[in-house]
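Working notes, beginning with the structure itself.
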Amino acid sequence: MPDFSLWMHTPYDWTLLFVCALLIGMSKTGVQGITMLAIPLMAVNFGAKPSTGLILPMLCFSDLIAVFYYRRVAKWQYVVKLLPAAIVGFFVAIAIDKLIPADEFRRLMGICIFLGLAVMLGTKKEGSGNKMFTAWWYAPLLGLIGGFTTMIGNAAGPVMSVYLLSVRLPKYSFVGTSAWFFLVVNYLKLPLQLFVWDNITVTTVALNALTIPFMITGAVAGIYFVKKIPEKGFRTFIITVTILSAFMLLY
């Protein structure tokens, strides 16, 4: 039987869990990057590595909702470009996670995201930057960073946003491609979290089950958001949230 007392000690713990589930649902169906608000809150409250095992099944469930709704608009060629390097990133993370202090790694992630955004925003016009985005190494590099960051802390959302913004996908293709990428990546991570890091338990899965109504509510809110926001506004919103996410990682 699950023992919730191992995780939940106050009403605040329950409130935080349900609010984060709402944010995760919203992020998967349109409000990209808002998961980066949930991840540090969960890490501070429940512990960095334990919280990844609590969050991952929530991400997997929300991925299913997003893929079901946006299944026809994904651009699979981008998923295929990113995925092999992302898998390599998993094993790099497992190999070195004990060597890098969590605070230093988090700041390094933030710096990388800022550099990616700076390059992307500085090369909107035709020129060398656009050639860089189509270079053979560009997608594998972002995939490697994405796989590494998602394994360490479920924090690849901003990395994926930088890549999809740089290839200038329209909003529905952006959300659909992101949904499929994270569905594949998160389900591939499950056995590693289960058998290598051992941080998914009967209790965490039972807690995940209690969050399902909140994830569904958030997913519906995210779908409504994408429908209402104009194309240019969506891109501006994603850039803004990505910048905020990077600041949160730095501090």
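Helix 11-29 and the longest principal axis of the Cα set of the chain meet at an angle near 30°. For the chain, the longest principal axis of the C-alpha atoms and the axis of helix 157-166 are separated by about 20°.
Compute the relative contact order of the chain as a whole-number percentage, counting only Cα pairs closer than 8 Å that sit 6 or more residues apart in sequence.
On the way: 341 pairs, mean separation 102.5, N = 251.
Over the chain, the number comes to 41 percent.
Ranked for footprinting exposure by Cβ neighbours inside 10 Å, fewest first, Arg72, Arg235 give Arg72, Arg235. Work out the count of Lys pairs in the chain where the Cα-Cα distance is under 12 Å, with the pair 8 or more places apart or on different chains. Count of close lysine pairs: 5.
Taking the Cα centre of the range 4-250 as reference, the dipole from Cβ charges on Lys and Arg (+1) and Asp and Glu (-1) amounts to some 940 debye.
Computed from Cα positions, the angle between helix 212-228 and the longest principal axis of the chain comes to roughly 20 degrees. For the options Ser27, Ser173, Ser62, a Gaussian network treatment of the chain with springs between C-alpha atoms closer than 10 Å singles out Ser173 as fluctuating the most.
Farthest towards the positive end of the charge dipole of the range 1-85, among the residues Phe46, His9, Trp76, is the Cα of Trp76, using unit charges on the Cβ of Lys, Arg, Asp and Glu. Hey, of (i) 1, 6, 14, 19, 21, 18, 12, 6, 2, 1, 0, 0, 0; (ii) 1, 6, 12, 15, 15, 12, 9, 8, 7, 5, 4, 3, 2, 1, 0, 0, 0; (iii) 1, 6, 12, 16, 17, 15, 12, 10, 6, 3, 1, 0, 0, which did the structure itself give for P(r) over Cα pairs in 5 Å bins from 0, in percent when calculated? Given (i) 1, 6, 14, 19, 21, 18, 12, 6, 2, 1, 0, 0, 0; (ii) 1, 6, 12, 15, 15, 12, 9, 8, 7, 5, 4, 3, 2, 1, 0, 0, 0; (iii) 1, 6, 12, 16, 17, 15, 12, 10, 6, 3, 1, 0, 0, the calculated one carries the label (i). For the residues Lys81, Lys232, Lys189, a GNM of the chain with alpha-carbon springs under 10 Å puts the largest fluctuation on Lys232.
Since every read-out is calculated from the coordinates, none of them should be taken as a lab result. None of the values given here were measured: they were computed from a predicted structure. Neighbour counts are summed over all protein chains in view; Cβ atoms, including those assigned to glycine, are modelled from backbone coordinates with ideal geometry.
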